[in-house]
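Worksheet for the structure shown next.
Every number in this text was worked out from the coordinates using simple rules, so none of it is lab data. What you are looking at is a predicted structure, and each value in this text was computed from that prediction instead of being measured. As a convention, Cβ positions derive from the backbone with ideal geometry for all residues, glycine included, and neighbour counts pool all protein chains shown.
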């Protein structure tokens, strides 16, 4: 058992979760700032605003799934140093996917939240659809990382 | 020949860096396009189909990064005896692909956002021209991937 390889693999998973936490925080922060302004104008739209503000939170869970998968993969069998380095790089890739996807999803949600009073809430469904588009990148980052570690012997 | 695990790891890392560039670029590009899309839909909800089409264009760079990652993994798996020089070359190629995908997707998103903003005024007629302009920038992402795979075959 190579402790360096194991450590790199687990660190990769932790970095993925770190990215998810950063992306979700920044995204929710962005949407939340727009929410307070919107709720001041039209307090009746609270449920729609709460829904859109919470969307970037999903990225934390994508990071969590990657971390759990990496830890299980690392501790369940012997991994080489090459695979440890690969897992560290894949963790960094997932982290970037979650960070940028979370930030941009927050910005899209903030744009939608800002026009809720003007459209009388009709923009909520369209904003949901459009923001899920950006969220797909976070999902793809997670899925591709899990796919890649299954390809590496 | 003895197996150099660090060289193998660098090869795998190169592929991951390529995909990293793709996801960063796609997120930034789609973020800009989608933010414009929400503003456009607030003005003219009938443009949803065009907004969805144009907003999705920068996503393709993620898949170019994925193709590069898979090719690099398969290459290292098929050549377990790769030396440090080839490992470093793979890492450098991964950075090149990552940069190509990141910048290409970011700028493609800006072009799509410009087109999306004009959708209500042109009643959707700008969509086709925007797609053509966006594909121009997309070409850089495709070239980055193709040239890396070409270099991979030259390295041997």
Please work out the C-alpha center-to-center distance from the stretch A:93-135 to the stretch A:64-80 and express it in whole Å. 32
Between residue A:1 and residue B:136, the two model label points (7 Å from Cα along the beta-carbon direction) sit apart by a distance in nm of 5.8
Neighbour-count ranking [beta-carbon atoms within 10 angstrom, fewest first] of B:133, A:105: B:133, A:105
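With a/c under 1.5 counting as rounded, go ahead and sort the protein assembly as shown into rounded, prolate or oblate using the C-alpha gyration tensor (a ≥ b ≥ c being the square roots of the eigenvalues; past the cut-off, prolate if a/b is larger than b/c, else oblate).
Working: a/c = 3.69, a/b = 1.65, b/c = 2.23.
Oblate, because a/c is 1.5 or more while a/b does not exceed b/c.
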Among A:94, A:38, A:75, which one moves the most in a GNM of chain A with springs linking Cα atoms closer than 10 Å? A:75
Amide N of the stretch B:29-71 lying under 18 Å from the label point, which is placed 7 angstrom from the Cα of residue A:42 along Cα→Cβ: B:38-46
Quick check: the distance between the Cα centres of the stretch B:44-82 and the stretch B:14-30, to the nearest angstrom? 8
What distance in nm separates the two pseudo spin-label positions at residue B:44 and residue B:128, each 7 Å out from Cα along the beta-carbon direction? 1.6
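Give the peptides A:30-36, A:146-152 in descending order of average Cβ contacts within 10 Å, highest first.
A:30-36, A:146-152
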Going by the alpha-carbon gyration tensor, a ≥ b ≥ c the square roots of its eigenvalues, is chain B rounded (a/c under 1.5) or, if a/c is not under 1.5, prolate (a/b greater than b/c) versus oblate? prolate
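Determine, for each peptide in A:11-18, B:3-10, the mean count of other beta carbons within 10 angstrom over its residues, then list the peptides with the highest first.
A:11-18, B:3-10
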Expressed as a whole number, the average count of other chain Cβ atoms within 10 Å around the Cβ atoms of B:42-50 is 3
Peptide-level mean, for B:75-86, of C-beta atoms on other protein chains within 10 Å: 1
Considering every residue in A:142-152, what mean count of other chain Cβ atoms within 10 Å of its Cβ is obtained? 4
FRET efficiency estimate (nearest 0.05) - Cβ-Cβ, residue B:147 to residue B:121, R0 41 angstrom: 0.60
